[in-house]
Amino acid sequence: MHTAELALSLLLVVIIVVSLLSNVLVLICFLYNAEIRKQVPGLFILNLTFCNLLLSASSMPLTLIGVLSNAHPGGHIFCQVVGFLDTFLTTNSMLSMAALSIDRWVAVVFPLSYHSRIRHRDAIIALAYTWVHSLSFSVVAACLSWVGYHQLYASCTLCNGRAVNAKTQFTIYTMVLHSLTFLLVSVVLCVTYLKVLKVARFHCKRIDVITMQTLVLLVDIHPSVRQRCLEEQKRRRQRATRKISTFIGTFVICFTPYVITRIVELFVTEPFNPYWGVLCKSLAYSKAACDPFVYSLLRHQYRKTCSDIINRLLKRSSPNGSGHQQENGKIGRAKEIVKDGEVEDRPTH
């Protein structure tokens, strides 16, 4: 085995393990915490977690086997099923990210009317659209035999037809697919999160003005305290930008190389380096490992839920008793809304 193959295999193993563990943890938190289940974005996160788990259990292991054996993993029918799932789950997960960004935009830009604008019924309708959208492209590819083993990516996924007419149709299909998934979601993410960042910066400036007015009034304040306040202002300004960059950046970094390679592949005859194809596919897979941290596990509510689960497993008393769990959850979420231009939480009931 070449060094490149070994490195790609190790990368895939790490992605599979991290993706499975982190997404299972998100699912456990969703089932354990009733407050998370009541929230509208919890439905989008559940759908995203479901897609990531299935992708980690189906396509990723077969790609790993393809890299290790340099051969077609499994039978033709089995590979077609996995290729169908690969198209469906990837498209569905992208659309779920777009739905989450729209939900966050409404929560931050229209906080007072959020609960009247985004309800569970609206979330179910949005999820129904993501499923219909994903199934439509997946079914078309399966019916026209455009799914199978692709040597460049060492995986069961979309692959070119052999006839000239089939290649033309496949080119149109691929362009439309990526335009209505990757390109559309990229535009939605950029527009919504940049508007969220604008609102967050406005709130940061307002908090900074209040802080500076307080520091001017407190003439006897210790210099170290004043310095800490100024440093907190700087961190506050950077926090919202860092979070927005994470939301958009992980999507672009993980999917752009794979999508560009798929498009360029349609118009060139020279073969690509197979290691590049597997690397692009691995980067696309890595989004399933990043999503639990980007959208869930790094948030206060999920961290607190994980802590409660660990305390329960270790039979230790939790800082938040069962009688005060709901109230403390609301207080914690309220703190996150007030805190430093927070962009990921919305008002509580």
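The values are calculated or read from the model by the stated rules, or taken from the named source; none is laboratory data. All values derive from a computational prediction rather than experimental measurement. These area figures cover heavy atoms from the full protein model, side chains too; ligands, DNA and RNA do not enter into them. Shrake-Rupley method; radii C 1.70, N 1.55, O 1.52, S 1.80 Å.
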>> Probe radius 1.4 Å, ligands and nucleic acids left out: which of Trp146, Trp131, Trp105 has the largest accessible area, and how do the rest follow?
In response: Trp131, Trp105, Trp146
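A 31 angstrom limit on the alpha carbon distance is what I want to check against. Which of Lys281/Lys304; Lys167/Lys195; Lys243/Lys281; Lys167/Lys287; Lys198/Lys281 exceed it?
On the way: Lys281/Lys304 34 Å; Lys167/Lys195 40 Å; Lys243/Lys281 25 Å; Lys167/Lys287 29 Å; Lys198/Lys281 34 Å.
Check vs 31 Å cut-off fails for Lys281/Lys304; Lys167/Lys195; Lys198/Lys281.
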> If each Cα of region 12-70 is one equal point scatterer, what is log10 of I(q)/I(0) from the Debye formula at q = 0.14, 0.20 Å⁻¹?
Replying inline: -0.45, -0.72
> Working out 0.36 nm times the residue gap between Ile310 and Leu266, then minus their Cα-Cα distance, what length gain in nm do you get to one decimal?
Replying inline: 10.8 nm
>> Treating region 1-103 as a set of equal point scatterers at the Cα positions, no solvent, please give the Debye-formula log₁₀ I(q)/I(0) at q = 0.21, 0.24, 0.25 Å⁻¹.
In response: -1.09, -1.23, -1.28
